[in-house]
Structures are given as C-alpha cells and as structure tokens.
Amino acid sequence: MDKMIDAFSEKAKRYLKSVDSRKVFPAPEDVEKMKFLDMPLQDHPVEPLEVINELDKFGSPATVASTGSRYFGFVIGGASPAPLAANLLAGVWDQNAGIEAASPVSSFIETVCRKWLTDILKLPPETEAGFVTGATMANFAGLAAARHALLKKAGWDVENDGLFNAPPIQVIVGEEVHVSVLKALSMLGLGRNKVTKVPADAQGRMTVNLIPEYSEPTLICVQAGNVNTGSFDPISEICEMASSSDAWVHADGAFGLWAAVSPRYAHLCEGIHKADSWATDAHKWLNVPYDSGIVFVRDKEHLISSMSTDAAYLISGAKREPFHYVPELSRRARGVEIWAALRSLGKKGLASLIESNCDNALLFAKKLSAAGYRILNDVVLNQVLVSFGDPETTKRVIRRVQEDGTCWCGGTEWQGKTAMRISVSSWRTTENDVEESSDAIIRIADEENGKSG
Ligand SMILES: Cc1ncc(COP(=O)(O)O)c(C=O)c1O
C-alpha cells in the first residue's frame, strides 16, 4: 500500500503542476490513446500499482483541465487545495456517511457544516441541510419536501398514498428556469408540462406582475443565478407575495446562493431567507471536488418526512441521522470537503473568491466589448454572454477557441441569440488568465470576422 500511495502522490503532483501549462481540452491524440483502457478484461488480478500507472498514462492526458485557471465552461469550480486533500483523506477513511453508527465523524462534520453554511448564507438558523450529489438532487430533495408539506396541508399523505387522486399542486416557475428543476419536478410526478411558466425579462428574471392568480396548494420556484446571465429573480418580492398565501417557495441557487457571503453581492440574494427551501452546489463556487450539492429546508420535518426510511437494522438513535435528509442511504462523506473549504477560506476568503471571480467576469466583458464584440447580458455576477456576429460565426469562434486550448468556453442560445458563455468560477483564475484568454478569443474572433492583420 505504501508504494502505491507514494506512486499516486508523485502522479498527483505532476498532474497538478501541468494543469495550467497544457491545452485545456485534451488533444485528439490523447483522447485516442485513452481507448487503451478498453482492453479485454483479463482473468487474473493485476498489481494495483500497474492499474494506477495505466490510469495515469492513458487517463490523465485525456482529462479536461477544468481544475486549471483558464477553464470557463458550464459553471465548474476548480478543486482548491484544502478540500482536495480532504477529499483524498476522506477516500482513505472510506466512511459510509449515510448512517451515524457507521461514521460518527462524517455525521458530526455535517452538523458543523449545516451550522456554518446557514450562518454564512444567511438562512434561518433552524434550517436543516442534506448533502447530495449536486444541485439537481438538491432541487429534487427540496421540491420533495415542498410536495410533502403542501399535500399534507391539503390532507393528503403523498409518501404513502402516492399521487393518484391527490389534490393537484400548481407549480409556478420562470420561463428561464433551469432544466434541473423541471427534471426534479418530473421525477416527483409533478410533470414538466404541468408547470405555469412566467415570462422573463431580457436578463431571464421572472416578471413578478405576470405571475398569475393562484389557488392552493402552490409551489413557486425562484432562481438565484441564471445559468446563462447570472441574473436573479426578484426573490424578495416573490417571497413577500407567497407569504400572504400559503405557497411554498423553493430557491434554486446552484451557484448564485454563494453571492450571499459577499458584502458586494449579497444584495442579489435579498429576501432569499424568506423562502422555504434552497438548493446549491459546493462543487461550483465553493470549489470542492465533484460531486457535492446541498439541499436546505427551513422546517426539517418536511425534509425528513419526504426522505427518511426505516428498517430494524438501521439503528436510529437520538443523534442526527444523515440518511433522513437525502435520497441516498449509503454515500460518501461529502461534508468533509465542505468543512475543509470553509475552514481554510474563512468568511473573508470565501467572499474574496466570489468577488475576484466577478471582477474577472467584468474584465472579460470589458476586453471583449472594447474589441468590438457584443456582451448580451448585464454582468451582475460571474457569467458573461458574448456574440461574435451572426450565429454561424459565433459557433465557429467557440469551436476554434476550444481547439486552440488557451482556455475553454462553451456555447449557448440566449433568447434567440447564439452566444459564447464564459463562467468564472475557479479559485485559480487570475487577471493574467483573463488577459491571456481574452487575447486568444479576440485573435480568433477577429480572424473569423476578417479583422486580423
Ligand atoms: C441554476 C442551476 N441549477 C441547477 C444546476 C444543476 O446543477 P448540478 O449539475 O450540480 O446538478 C445548475 C448547473 O449549472 C444551475 O446553474
């Protein structure tokens, strides 16, 4: 085992050292070589060291350098040092974090994380948390709690009697709702096509005065951070409106919820504490390794009722049982990296991470617009949408930027316009990275627009 750990440690150091000097997306020949891993499965065991050597030799070069400083695709945060090491340590511990009796330490760490997170995100102190794979499952768990609460109030026991003949729930979402919310609603039997979609403005924010009259039971899904523009729904107003009825408000804040920790950006989350449930990702802006999402529910009874299960062998004691708060039973100890990230950054460090990413998003917008390219969104957070001309030209620029390898940005369609999406979400990204990346983007865009030379 010692030999393997030493070998692994060498490989990890080499990989992390190379991550900023290599092309962000793997070269076609490296992607080709990974096919070596598809060998016929042999009959006999292979030495662990050899297995790791093969993975490193054929797997590492075919990875996307998304932990590097010039990765701006999707909303992917890099893995910063303390949570990365914590993740490796937790791998060595190999705890089953689902059950307190199987891992007092991971269960305890989750209770600490719950306390720290509700404090820095300014959620009501009684709010419970569940540690899940990502915001999709966090949305699922939050919406399951909502479904439970709304139907219970209507006299229906959805967990035991299912949805057949249950009172219908009216679900209200914004037109620019994230697909993961619709997926979660579909998994909960609430139906993607049954939702009422409220028209959005040019930034993707729900137009409050177009929210229709609703009767109970009603569930309103608001968004803190649109995946394209970074914009926030008028959450405070919507929560205010919902509080005069008994509607449940669920906030999808996969990355945007972290704005609450920054004195400069907290205004975007104003009023969000008035919601009933929230979803966020730690693998996005907290920069912990994949996978890590968190569901928060103000009244824990609703989360427990929708998630918990029972069996004689599952010793449920007086202590907090992690499996009462999430869809999974057995799972890894996700709280460990979250604890390490928060402990190493502190409140100020986390606020500076958010603010530095937002500054760098503004720098991208400034450089690209100074070069004559159109920024399609108000850059309110860490997301930038840019057009390089007609849709085909923009798509060619995106493809060539990805092939060039200086940085990696994806594409999107925003309200009928083709755009490049730039998401600045990594602790590693510096102003120099933005300068270098925007120079590469502008060089390619100028060539495609016949402006070079
Ligand atoms: C607003 C929003 N909600 C939900 C998700 C889904 O998150 P995950 O992929 O971690 O499940 C994302 C992902 O980008 C997002 O931006």
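Filtering Glu240, Glu213 for residues that are among the charged types (D, E, K, R) and over 28 Å from the mean Cα position of the chain (by Cα) leaves a single hit, Glu213. For beta carbons closer than 6 Å, sequence separation of 6+ or different chains, a first residue in region 208-220 that is free of Cβ contacts under 8 Å to residues at least 40 places away in the same chain and a second that is surrounded by 10 or more Cβ atoms within 10 Å (Cβ to Cβ) and assigned to a helix (DSSP H, G or I), the qualifying pairs are Val208/Glu237. Against the condition surrounded by fewer than 16 Cβ atoms within 10 Å (Cβ to Cβ) and closer than 27 Å to Trp427 by Cα, how does Ser18 come out, does it pass? Yes; evaluated as a whole, the condition is true for this residue.
In region 273-285, the count of residues that are touching a Leu at 6+ places or on another chain (Cβ under 9 Å) and surrounded by fewer than 24 Cβ atoms within 10 Å (Cβ to Cβ) is one or more. Scanning region 286-313 for residues that are farther than 19 Å from Pro125 by Cα, among the hydrophobic types (A, V, I, L, M, F, W, C) and within 16 Å of the ligand (Cβ to nearest atom), we see that the one that is surrounded by the most Cβ atoms within 10 Å (Cβ to Cβ) is Val288.
Let's see how each residue does on (1) at pLDDT 95 or above; (2) assigned to a loop (DSSP other than H, G, I, E, B); (3) assigned by TED's automatic domain parsing to the domain that holds Ile294; (4) more than 16 Å from the ligand (Cβ to nearest atom):
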position	(1), (2), (3), (4)
Gly189	yes, yes, yes, yes
Gln203	yes, yes, yes, no
Gly230	yes, yes, yes, no
His273	yes, no, yes, yes
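When region 314-328 is filtered for residues that are modelled with pLDDT of 95 or more, away from the ligand (no atom under 16 Å from the Cβ) and assigned to a loop (DSSP other than H, G, I, E, B), only Tyr325 remains.
In the set (1) away from the ligand (no atom under 16 Å from the Cβ); (2) in a helix (DSSP H, G or I), the condition left unmet by Pro124 is number (2). Taking region 329-352 as the search range and keeping residues that are assigned to a loop (DSSP other than H, G, I, E, B) and not charged (D, E, K, R), which one is surrounded by the fewest Cβ atoms within 10 Å (Cβ to Cβ)? Selected residue: Ser330. Of all the residues in region 28-55, those that are out of contact with any helix residue (DSSP H, G or I) (no Cβ under 8 Å at 6 or more places or on another chain) and surrounded by 14 or more Cβ atoms within 10 Å (Cβ to Cβ) number 0.
Evaluate the following for Asp119: is it among the acidic types (Asp, Glu), closer than 28 Å to Phe8 by Cα and surrounded by fewer than 22 Cβ atoms within 10 Å (Cβ to Cβ)? No, not satisfied. If you go through region 431-453 and keep only what is of a type in the set (S, T, N, Q) and either modelled with pLDDT under 95 or surrounded by 14 or more Cβ atoms within 10 Å (Cβ to Cβ) (or both), you end up with Ser437, Ser438, Asn449, Ser452. Taking Val380, is it in contact with a Gly (Cβ under 9 Å, 6 or more places away or on another chain) and either closer than 14 Å to Arg421 by Cβ or of a type outside the set (Lys, Arg) (or both)? Here the answer is yes, as Val380 does meet what is asked. Only one of the numbered conditions (1) away from the ligand (no atom under 11 Å from the Cβ); (2) hydroxyl-bearing (Ser, Thr, Tyr); (3) under 19 Å from the mean Cα position of the chain (by Cα) is not met by Ser180, and that is (1).
Screening Pro322 against (1) over 11 Å from Val132 (Cα atoms); (2) more than 19 Å from the chain's Cα centre (by Cα) leaves a single unmet condition, (1). Residues that are among the polar types (S, T, N, Q) and at pLDDT 95 or above: does region 294-311 have at least one? Taking every residue of region 294-311 in turn, at least one turns out to be among the polar types (S, T, N, Q) and at pLDDT 95 or above.
With respect to Glu355, determine if the residue is in contact with a Cys (Cβ under 8 Å, 6 or more places away or on another chain), touching a residue at least 12 places away in the same chain (Cβ under 8 Å) and surrounded by fewer than 20 Cβ atoms within 10 Å (Cβ to Cβ). Against the criterion (in contact with a Cys (Cβ under 8 Å, 6 or more places away or on another chain), touching a residue at least 12 places away in the same chain (Cβ under 8 Å) and surrounded by fewer than 20 Cβ atoms within 10 Å (Cβ to Cβ)), Glu355 does not qualify. When Thr309, Thr280 are checked against the criterion of being among the hydroxyl-bearing types (Ser, Thr, Tyr), in the same structural domain as Asp157 (by TED's automatic domain parsing) and within 20 Å of the chain's Cα centre (by Cα), a single residue qualifies: Thr280. The residues in region 396-418 that are in contact (Cβ under 8 Å) with a residue 60 or more places away in the chain and in a strand (DSSP E or B) can be counted, and the count is 4.
The values are calculated or read from the model by the stated rules, or taken from the named source; none is laboratory data. Every value quoted in this text rests on a predicted model; they were computed, and no experiment measured them. Every residue, glycine among them, receives a Cβ derived from its backbone with ideal geometry; neighbour counts consider all protein chains shown.
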